[in-house]
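Below is one structure, written out as structure tokens; comments come after it.
The values are calculated or read from the model by the stated rules, or taken from the named source; none is laboratory data. Note that this is a predicted model, so its numbers are computed, not measured. Here the Cβ positions follow ideal geometry from the backbone for every residue, glycine too, while neighbour counts run over all protein chains shown. Protein only, heavy atoms only, side chains kept; ligands, DNA and RNA dropped before computing areas. Shrake-Rupley method; radii C 1.70, N 1.55, O 1.52, S 1.80 Å.
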Amino acid sequence: MSYAGPDFEPSQPRRPRRGPLTVALAALVPGALLGWLVYETVGGPGDGDGSGRATVRSSPPAASSAPTDDGKKPGASSAPAAPGTSASAATGPLKGKVVVIDPGHNPGNFQHTSEINRKVDIGTNRKECDTTGTSTNDGYPEAKFTLDVAHRMRTLLEKQGATVKLTQDGDRPYGPCVDERARIGNKAKADAVVSIHADGSGAGNRGFHVILPGAVHAGGADTRAIVAPSRDLGERVAGRFVAVTGSAPSDYIGDGTGLVTRKDLGGLNLSTVPKVFVECGNMRDSEDAALLTSGAWRQKAAQGISEGIVSFLRG
């Protein structure tokens with residue numbers, strides 16, 4: 001998802017915070033060792049403009065699965081209850097919990113430019129239904145990446161007992177639009193929604209970041225009830241993403257925290273359930289692209305995000 005483009009794309013009681021936890025982040029840069037920040041849980045969550053520091057929270061990992069081959073499409077549920085939804089969830093710590101995974105964009109969007117360019121209401125204003133997403137310089141599309149990670153996450157979360165629904169599974173010609181993506185999570189009464197993306201920033205910009213909803217109360221949008229739980233979800237996802245993938249937070253947005261708050265995304269503005277976006281890396285940087293195109297790394301990304309969701313839902 002590129003920041004230069006248009007919009008891309010639950011209310012529940014605030015969970016008590018855990019005791020102090022830290023995540024030590026380390027990353028090597030050419031010619032020097034850069035010591036990453038140690039994130040410590042202090043204070044309560046709040047809204048911001050994306051430039052302030054924020055806490056990245058970590059917790060013990062959930063059960064993991066071995067990486068699958070690049071060419072395989074993991075996690076397809078047999079006999080699903082409904083399109084994009086898992087079959088009856090197995091027993092596990094997340095039994096009774098509903099997770100919606102939102103794979104950003106759609107592989108068919110580029111063939112439906114007029115449809116995805118039409119404007120939809122995102123509460124604060126009107127923006128495009130969707131976009132084609134970005135791609136690596138070698139042509140690996142963001143839409144293919146997001147769907148692959150979503151399938152891997154579905155497998156992991158179902159093993160934890162969750163009921164999992166995808167906003168799209170490559171089963172429609174384009175979309176859904178950003179407002180419909182939000183409605184899918186709302187209608188499912190999801191306990192957590194995570195939208196999967198990859199950025200399209202300039203070459204040399206590296207790392208992941210998690211986008212949190214800001215406090216919006218305008219038009220049909222009212223995120224005030226989900227700001228705090230969404231931040232909790234985002235902090236946990238960021239913490240586990242670092243721990244599992246070894247990737248560092250973005251070096252070009254978020255001031256090194258890996259967390260950014262935005263008020264211009266319809267998928268967040270229109271959500272009534274805890275929701276975050278995860279930009280897993282920058283497709284336009286060759287080093288990040290090498291990770292994003294690796295099936296083994298995508299499995300780690302799926303595991304890290306899933307562990308963050310499990311941590312959030314278990315409180």
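Worth pointing out:
- Viscosity 0.890 mPa s, temperature 25 °C, Stokes-Einstein D of segment 268-315 from Kirkwood C-alpha radius, µm²/s: 196
- Radius of gyration over Kirkwood radius for segment 191-270, both on Cα atoms: the Rg/Rh ratio is 0.99.
- Two-site label geometry, residue 264 and residue 218: point separation in nm, points 7 Å out along Cα→Cβ: 1.1
- Ligands, DNA and RNA left out, the accessible area of segment 183-315 computed with a 1.4 Å probe is 48% carbon and sulfur.
- Segment 151-216 versus segment 250-315: alpha-carbon centroid distance in Å: 9
- Pairs beyond 25 Å (Cα-Cα), from 95/165; 119/263; 144/189: 144/189
- Label-to-label distance for residue 252 and residue 112 is 3.0 nm, based on points extended 7 Å past Cα in the beta-carbon direction.
- Residue ranges 131-139, 181-189 sort as 181-189, 131-139 when ordered by packing (mean number of other C-beta atoms within 10 Å per residue, highest first).
- For segment 167-228, the square roots of the Cα gyration tensor eigenvalues, ordered a ≥ b ≥ c, give a/c of at least 1.5 with a/b no greater than b/c, which places it in the oblate category.
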